[in-house]
1. Find all pairs meeting these conditions: Cβ atoms under 6 angstrom apart; at least six residues apart or on different chains; first residue within the range 3-17 and under 19 Å from residue 142 (Cβ atoms); second residue surrounded by 11 or more Cβ atoms within 10 Å (Cβ to Cβ).
2. Would a scan of the range 37-51 turn up a residue that is at pLDDT 75 or above and β-branched (Val, Ile, Thr)?
3. Since residue 133 meets every condition but one in (1) part of a loop (DSSP other than H, G, I, E, B); (2) farther than 30 Å from residue 55 by Cβ, which condition does it not meet?
4. For the range 153-171, does any single residue satisfy the condition of being more than 21 Å from residue 30 (Cβ to Cβ) and at pLDDT below 85?
5. Do we have residue 60 as under 17 Å from residue 128 (Cα atoms) and either out of contact with any strand residue (DSSP E or B) (no Cβ under 9 Å at 6 or more places or on another chain) or at pLDDT below 75 (or both) here?
Amino acid sequence: MVARRATIAARLGPSNNALLPFTITTLPRFGTHSDVLASLTTSPALLAAPPRYRAVQHHITTRRGGGANIPPITVPLFIDRNTLTSPDLPPFIVPNNINNPFNPTITNNSGGGATSSNTTGDGATITFHPSEMLLGATQCCLQCTLQASSAAAALRLHDRALAPLGPLMLALSAATPAYRGYLADTDVRWDVLRQLVDDRDEGERRAQGVFGA
């Protein structure tokens, strides 16, 4: 990442030395409303030509099934005194005590966030369609692959190093403060990815609710 920032700074030249490159995982206003298109979803035509992302989306959607209770992807909205009042919010911002636009049978009650007199007292969430790959899987990161000499060494590496360091590195590298043009009450991409690749079918999701797993 240091080398990437140095390359950007070199391209900017000395006349722009006051500009500071920084890294975020997704464009903050990607997927928001504009003068061109006001849609709850982004167009599949924006996906790159290589088949990887289309195949991933197809397999997850197929495995998940077309049941009526597929939950939407939700991110808690950060609420302060400048947050718009509920009637002025776009349709992908959903107060937690009303039904979700992607599935009217589901009450969107999974968000968090502070309360405000300008919105509902229960907070609100930023929502994506459950098959919305462009707002989830395309969030960038710098990946590092490790290979151990054996299965036993891999277990030790995971249990003694990666498991304790993972949450710390996630906090230090937090770079996802906004979705669809709105500040989120979270700052990492992990929970969106977790929801996006959840390919459990309706029966498996019901079993989780029964057993609390």
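1. Close Cβ pairs (under 6 Å, with a partner that is surrounded by 11 or more Cβ atoms within 10 Å (Cβ to Cβ)) amount to 5/21; 8/21.
2. The initial filter retains those residues of the range 37-51 that are at pLDDT 75 or above, namely 51.
Filter once more, so that each one left must be β-branched (Val, Ile, Thr): none.
Checked against the condition, which is being at pLDDT 75 or above and β-branched (Val, Ile, Thr), the range 37-51 yields no hits at all.
3. Here residue 133 meets the rest and fails (2).
4. No: the range 153-171 contains no residue that is more than 21 Å from residue 30 (Cβ to Cβ) and at pLDDT below 85.
5. yes
The values are calculated or read from the model by the stated rules, or taken from the named source; none is laboratory data. Bear in mind that the values here come from a model prediction, so they are computed numbers and not experimental data. We place every Cβ from the backbone using ideal geometry, glycine too, and count neighbours over all the protein chains shown.
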